[in-house]
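Contents: one structure, followed by commentary.
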Amino acid sequence: MPDSTPVRVVRELTARDYNAERDAVTLLADEPDPIAAVERVVDAAPDDVLTLSADDVRDLLADASTETPSSGADADAAASAAPPADAAPNADRSSDTATATSADPAAGAEAESVDADPSPDGPTGDATPSDGDAAPSPDTSPTDVSNGADIGDDITTAVTSPTETTGGDAARVGERDPPAPDIGNDVTGHSTGTGEYGDFVTVFRDRYERLSKKLRGRVNHRPTDALDAMPGGSDAAIVGMVNDIRSTASGHWLVELEDTNGTFPALIMKDRDWADVVDELLLDEVVAIEGTLADDGGILFADSVHFPDVPRTYNPSTADRHVQAALVSDVHVGSQEFAGDRWDAFADWLHTEEAEAVEYLLVGGDMVEGVGVYPDQDEELDIVDVYEQYEAFSERLKDVPGDMEIVMIPGNHDAVRLAEPQPGFDEELRDIMSAHDARITGNPSTVTVEGVDVLMYHGVSLDEVIAEHGSDDVSYDAPHNAMAELLKKRHVAPQYGGRMRVAPEEKDYLVIDDVPDVFHTGHVHKLGVGEYRNVKLVNSGSWQEQTAFQKSVNIDPDVGTAPVIDLDTLDITVRKF
Ligand code: D5M
Ligand code: FE
Ligand code: ZN
């Protein structure tokens, strides 16, 4: 598939170690012989200018044409001074900026606009201290705990036909100049864990402290060691980390909670109409259970379960201008299944007028395929050296307009430690990927763009949530519902052990302390767009076609999808390439 002119221009520039703002690229692409024009501009550019602006290009082209009087009349003179323009299938103006003509892959881009329905949460709730449910009330519990009512809303999608971009107009789009995003909760450079047992105690204590604080105002809780001294039949509540879940011989559920003083068992009777809350409980998450102490003490008969959750009334922040962010992940460069053509089409599209407002690109991990991630993975590698994979990824990044802000977190295929929180890429990898000056941060991180808080998390725990959750609504086909579970638990990876590796640190970076406006994950390679209590949920799909392993376990990935969020309205449009 031939590349579009802007992409070829960017490639030519970056091959010469230059970058350019988008309208500079467009100007060059508009030239009769764009490649020769690149050559002329680069030759004439001062050595200390590495990113060319549109003004630079205009000046340099004007200079070059006064030096070469014939160049205005025909491109031959310039072409003869430059390498043959054989890379250009059409050097005439009709091919310029024609990133959405029928010959171009971007023309295949489909847009799915998505309407954000308000969350269908029930009328009662325990999400905010002001909800007034601090007084134990069994009536509120079915809403609190029922499956379905609390999981993320599907956002219905409607396919709209691709917008035709006319060649000449696309050349006139404005220059992007986005303010830099702020990064929060980034472990990079702050990792203190030595792997000692004490560090694990510290991280779990921090998790308990921060999450229990969100629950303590809503229940009349007692420390576990004080419960034994209370008379049988008393109303009581425990705020604790789930230490054990088991069924009793008669089919009820025994849930043991642990606080800083000890443990205490709660019994959830199977005939309660909210008993299926047990299906969504994960070990190590922090919840509150309210109920009545047994006559002879020693056990709490549960009346309700509360999660730290998102306030029902959560009011997200929005940008105060029209600006968009594209959310992608799981590029997997280096895999034989890497969908390079789709990525090219996406990069092409970013150069078109239609993508003018897309000023941010957030990449949610798995930049490369990595090595030794799964057994026999080497049989499916296109590039076997991980550093060469990053070099190749960096080349793909160069096709993204130079005036966009990029933020990247690592995933489980990346060359950083697997245990979460994962620090951002080290110096060597940053160096390899430096061409675009992307912001590199840890997994997870909160990235604030234009006042909108985007919680970026790669998503390894989604496998666990999907496997453990009892409801079919939480599945690979609806990863946003698994994301909603994480928000409800206010933790991106509640369950320690199993697939999840947690690094011992001084604080638990995986706690969702502040409610984000947008939650962005990847990893499961399935597109999921939804909403949970006004928080937008986006799982961004992948750029890797189905692998042999995925085939063997029936994972049918969504490939080449780029959800684009309007930061001023938080409306989401899914682009397909
Ligand atoms: O993960 C992509 C998805 O596929 C994610 O849901 C995990 C799953 N996956 C892929 N390969 C394996 C193997 N070998 N074992 C278990 N689960 C797997 P990604 O992180 O992109 O590989
Ligand atoms: Fe992946
Ligand atoms: Zn992954």
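The values are calculated or read from the model by the stated rules, or taken from the named source; none is laboratory data. Keep in mind that what you see is a predicted model, and the values were worked out from it rather than measured. Here the Cβ positions follow ideal geometry from the backbone for every residue, glycine too, while neighbour counts run over all protein chains shown. For accessibility, only protein heavy atoms count, side chains too; no ligands or nucleic acids. Shrake-Rupley method; radii C 1.70, N 1.55, O 1.52, S 1.80 Å.
Worth a mention:
- Residue that is least open to solvent (accessible area, probe 1.4 Å) [pool: residues in region 373-428 that are over 22 Å from residue 355 (Cα atoms) and of a type in the set (Ser, Thr, Tyr)]: 390
- Taken over region 539-554, residues that are assigned to a loop (DSSP other than H, G, I, E, B), open to solvent by less than 10 Å² (accessible area, probe 1.4 Å) and in contact with an Asp or Glu (Cβ under 6 Å, 6 or more places away or on another chain) amount to 1.
- Matching residues, region 493-528, being over 24 Å from residue 550 (Cα atoms) and of a type in the set (A, V, I, L, M, F, W, C): 502, 503, 510, 511, 512, 515, 518, 519
- Residue among 237, 275, 249, 288 that is assigned to a loop (DSSP other than H, G, I, E, B) and open to solvent by less than 60 Å² (accessible area, probe 1.4 Å): 275
- Look at (1) within 15 Å of ligand 3 (Cβ to nearest atom); (2) closer than 16 Å to residue 326 by Cβ; (3) among the charged types (D, E, K, R) and you find that residue 526 fails only one, number (2).
- Region 555-577: number of residues that are touching a Phe, Trp or Tyr at 6+ places or on another chain (Cβ under 9 Å) and open to solvent by 10 Å² or more (accessible area, probe 1.4 Å): 5
Matching residues to (1) among the aliphatic types (A, V, I, L, M); (2) surrounded by fewer than 24 Cβ atoms within 10 Å (Cβ to Cβ); (3) in the same structural domain as residue 518 (by TED's automatic domain parsing):
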{"site": "448", "(1), (2), (3)": "no, yes, yes"}
{"site": "451", "(1), (2), (3)": "no, yes, yes"}
{"site": "454", "(1), (2), (3)": "yes, no, yes"}
{"site": "457", "(1), (2), (3)": "no, no, yes"}
{"site": "476", "(1), (2), (3)": "no, yes, yes"}
{"site": "481", "(1), (2), (3)": "no, no, yes"}
{"site": "487", "(1), (2), (3)": "yes, no, yes"}
{"site": "492", "(1), (2), (3)": "yes, no, yes"}
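- Single match in 568, 517, 558 (criterion: more than 16 Å from ligand 1 (Cβ to nearest atom) and in contact with a strand residue (DSSP E or B) (Cβ under 6 Å, 6 or more places away or on another chain)): 517
- From the list 526, 507, 536, the lone residue that is open to solvent by 10 Å² or more (accessible area, probe 1.4 Å) and more than 14 Å from the chain's Cα centre (by Cα) is 507.
- Filter result for residue 462 (crowded, with 20+ Cβ neighbours inside 10 Å and either more than 15 Å from ligand 2 (Cβ to nearest atom) or not assigned by TED's automatic domain parsing to the domain that holds residue 521 (or both)): no
- Selected residue (criterion: surrounded by the most Cβ atoms within 10 Å (Cβ to Cβ)) from residues of region 315-365 that are of a type in the set (Asp, Glu) and more than 16 Å from ligand 1 (Cβ to nearest atom): 348
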